[in-house]
Amino acid sequence: QVQLVESGGGLVQAGGSLRLSCTASGIIFSINGMGWYRQAPGKQRELVALITSGGSTNYADSVKGRFTISRDGTKNTGYLQMNSLKPEDTGVYYCNADVRSRSYQSGYTYWGQGTQVTVSS
(Lines give C-alpha, C1' and ligand atoms only; values in the text may rest on other atoms or scores of the structure.)
Protein backbone atom coordinates (compact mmCIF):
# COMPACT_ATOMS: atom_id res chain seq x y z
CA GLN A 1 0.00 0.00 0.00
CA VAL A 2 1.03 3.56 -0.67
CA GLN A 3 -0.08 6.72 1.07
CA LEU A 4 0.17 10.29 -0.14
CA VAL A 5 0.15 13.07 2.41
CA GLU A 6 -0.21 16.71 1.41
CA SER A 7 0.80 19.69 3.51
CA GLY A 8 1.36 23.41 3.17
CA GLY A 9 -2.15 24.69 2.61
CA GLY A 10 -3.58 27.63 4.49
CA LEU A 11 -5.04 31.11 4.32
CA VAL A 12 -3.19 33.77 2.35
CA GLN A 13 -3.97 37.18 0.96
CA ALA A 14 -4.23 37.78 -2.76
CA GLY A 15 -0.77 38.22 -4.25
CA GLY A 16 0.80 35.95 -1.65
CA SER A 17 2.52 32.60 -1.99
CA LEU A 18 2.19 29.08 -0.66
CA ARG A 19 4.20 25.93 -1.20
CA LEU A 20 2.39 22.61 -1.12
CA SER A 21 4.17 19.31 -0.52
CA CYS A 22 3.05 15.77 -1.25
CA THR A 23 5.03 12.88 0.21
CA ALA A 24 4.52 9.27 -0.78
CA SER A 25 5.22 6.46 1.67
CA GLY A 26 4.81 2.70 1.70
CA ILE A 27 6.00 0.07 -0.73
CA ILE A 28 7.49 2.10 -3.58
CA PHE A 29 9.66 0.85 -6.40
CA SER A 30 9.29 3.92 -8.55
CA ILE A 31 7.03 6.92 -9.04
CA ASN A 32 6.08 7.83 -12.55
CA GLY A 33 4.02 10.96 -12.99
CA MET A 34 2.81 13.18 -10.18
CA GLY A 35 0.09 15.76 -10.36
CA TRP A 36 -1.81 18.42 -8.50
CA TYR A 37 -5.55 18.97 -8.84
CA ARG A 38 -7.94 21.33 -7.12
CA GLN A 39 -11.62 21.47 -6.40
CA ALA A 40 -13.44 24.67 -5.63
CA PRO A 41 -16.82 24.61 -3.84
CA GLY A 42 -19.55 23.56 -6.22
CA LYS A 43 -17.12 22.81 -9.03
CA GLN A 44 -15.53 19.72 -10.48
CA ARG A 45 -11.99 18.74 -9.67
CA GLU A 46 -9.59 20.19 -12.24
CA LEU A 47 -6.01 19.60 -13.22
CA VAL A 48 -3.53 22.21 -12.01
CA ALA A 49 -0.13 20.78 -12.96
CA LEU A 50 1.62 17.55 -13.93
CA ILE A 51 5.22 16.39 -13.86
CA THR A 52 6.59 13.24 -15.44
CA SER A 53 9.37 11.03 -14.12
CA GLY A 54 11.66 12.75 -16.62
CA GLY A 55 10.77 16.19 -15.34
CA SER A 56 8.48 17.36 -18.13
CA THR A 57 5.73 19.62 -16.86
CA ASN A 58 2.29 20.70 -17.93
CA TYR A 59 0.10 23.42 -16.43
CA ALA A 60 -3.47 24.60 -16.61
CA ASP A 61 -3.67 27.87 -18.51
CA SER A 62 -5.04 29.61 -15.43
CA VAL A 63 -1.84 29.00 -13.43
CA LYS A 64 0.87 29.26 -16.07
CA GLY A 65 3.58 31.66 -15.04
CA ARG A 66 2.42 31.66 -11.40
CA PHE A 67 2.69 28.04 -10.26
CA THR A 68 5.66 25.69 -10.48
CA ILE A 69 5.52 21.94 -10.01
CA SER A 70 8.63 20.02 -9.03
CA ARG A 71 9.66 16.76 -7.41
CA ASP A 72 12.45 15.27 -5.35
CA GLY A 73 12.90 11.62 -6.25
CA THR A 74 15.17 10.97 -3.28
CA LYS A 75 12.37 11.96 -0.91
CA ASN A 76 9.39 10.64 -2.92
CA THR A 77 7.99 14.13 -2.62
CA GLY A 78 6.33 16.48 -5.04
CA TYR A 79 5.89 20.22 -4.64
CA LEU A 80 3.64 22.96 -5.95
CA GLN A 81 5.00 26.47 -5.54
CA MET A 82 2.12 28.91 -5.89
CA ASN A 83 2.90 32.60 -6.37
CA SER A 84 0.72 35.63 -7.11
CA LEU A 85 -2.26 33.81 -5.68
CA LYS A 86 -5.75 34.95 -6.62
CA PRO A 87 -9.09 34.42 -4.86
CA GLU A 88 -10.09 32.10 -7.70
CA ASP A 89 -7.24 29.77 -6.70
CA THR A 90 -9.21 28.90 -3.56
CA GLY A 91 -10.08 25.25 -3.17
CA VAL A 92 -8.97 21.89 -1.88
CA TYR A 93 -5.73 20.83 -3.52
CA TYR A 94 -5.09 17.14 -4.09
CA CYS A 95 -1.96 15.42 -5.25
CA ASN A 96 -1.80 12.15 -7.09
CA ALA A 97 1.00 9.87 -8.12
CA ASP A 98 1.38 6.90 -10.42
CA VAL A 99 3.34 4.45 -8.30
CA ARG A 100 4.92 1.09 -9.04
CA SER A 101 5.26 -0.86 -5.82
CA ARG A 102 7.38 -3.59 -7.36
CA SER A 103 9.46 -3.82 -10.52
CA TYR A 104 7.15 -6.40 -12.08
CA GLN A 105 3.99 -4.40 -11.40
CA SER A 106 2.42 -1.69 -13.47
CA GLY A 107 1.69 1.70 -11.99
CA TYR A 108 -1.31 2.47 -9.83
CA THR A 109 -2.68 5.93 -9.18
CA TYR A 110 -2.95 7.02 -5.58
CA TRP A 111 -4.53 10.20 -4.21
CA GLY A 112 -3.83 12.28 -1.17
CA GLN A 113 -6.50 13.49 1.23
CA GLY A 114 -6.33 17.10 0.10
CA THR A 115 -5.22 20.36 1.68
CA GLN A 116 -7.28 23.54 1.82
CA VAL A 117 -6.00 26.69 0.15
CA THR A 118 -7.94 29.89 0.77
CA VAL A 119 -6.99 33.15 -0.90
CA SER A 120 -8.64 36.26 0.47
CA SER A 121 -9.17 39.40 -1.58
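Multiply the residue separation of Gln44 and Lys86 by 0.36 nm, subtract the distance between their alpha-carbon atoms, and state the gained length in nm to one decimal.
Fully extending the segment from Gln44 to Lys86 adds 13.3 nm.
Can you give the extra length, in nm with one decimal, that the chain gains between Arg66 and Ser17 once fully stretched, where that is 0.36 nm per residue apart less the Cα-Cα distance?
Going from the current span to full extension adds 16.7 nm.
If you split all Cα-Cα distances of the range 2-121 into 10 Å bins from zero, what percentages do you get per bin, shortest first?
Spelled out per bin, shortest first, that is 14, 48, 29, 8, 1.
If you place +1 on the Cβ of every Lys and Arg and -1 on the Cβ of every Asp and Glu, how big does the dipole about the Cα centre of the range 62-121 come out, in debye to the nearest 20?
Using Cβ point charges on Lys, Arg, Asp and Glu, the range 62-121 gives about 180 debye.
Give me the percent of accessible area attributable to carbon and sulfur for the chain, probe 1.4 angstrom.
In the chain, the share of accessible area belonging to carbon and sulfur is 47 percent.
Residues of the range 1-21 with amide nitrogen under 15 Å from the 7 Å Cα-to-Cβ point of Ser121?
The answer is 13-15, whose backbone nitrogens lie closer than 15 Å to the label point.
Whole number in Å², please: accessible area per residue of the chain, 1.4 Å probe, ligands, DNA and RNA not counted.
In whole numbers, the chain has 53 Å² accessible per residue.
Per-residue HN-Hα couplings for the range 105-111, Karplus 6.51 cos²θ - 1.76 cosθ + 1.60 at θ = phi - 60°, whole Hz, x for Gly and Pro?
Calculated HN-Hα couplings, in order: 9, 7, x, 10, 8, 10, 10 Hz.
For Lys86, go through the lysines and keep the ones whose alpha-carbon is under 21 Å away, minus same-chain ones fewer than eight residues off.
Straight-distance partners of Lys86: Lys43, Lys64.
Tell me, what is the FRET efficiency for Gln3 and Ser56 to the nearest 0.05, using R0 = 22 angstrom and their Cβ-Cβ distance as r?
0.30
Counting alpha carbon pairs within less than 8 Å and at least 6 residues apart, what relative contact order, in whole percent, applies to the range 1-43?
The normalised contact order for the range 1-43 reaches 40 percent.
Read phi for every residue in the range 19-29 and hand back ³J(HN,Hα) as whole Hz from Karplus 6.51 cos²θ - 1.76 cosθ + 1.60, θ = phi - 60°, with x for Gly and Pro.
10, 8, 10, 9, 10, 9, 9, x, 8, 10, 8
For the chain, with only Lys/Arg (+1) and Asp/Glu (-1) charged at the beta-carbon, what is the dipole magnitude about the Cα centre, in debye rounded to 20?
The calculated dipole for the chain is roughly 120 debye.
Report relative contact order for the chain in percent, whole number only (criteria: Cα-Cα under 8 Å, sequence separation at least 6).
37 percent
The values are calculated or read from the model by the stated rules, or taken from the named source; none is laboratory data. This one's a predicted model, so the numbers in the text were calculated from it and none came from an experiment. For neighbour counting, all protein chains shown are included, and Cβ atoms are generated from backbone atoms with ideal geometry for every residue, glycine included. All accessible areas refer to the heavy atoms of the entire protein, side chains included, with ligands and DNA or RNA removed. Shrake-Rupley method; radii C 1.70, N 1.55, O 1.52, S 1.80 Å.
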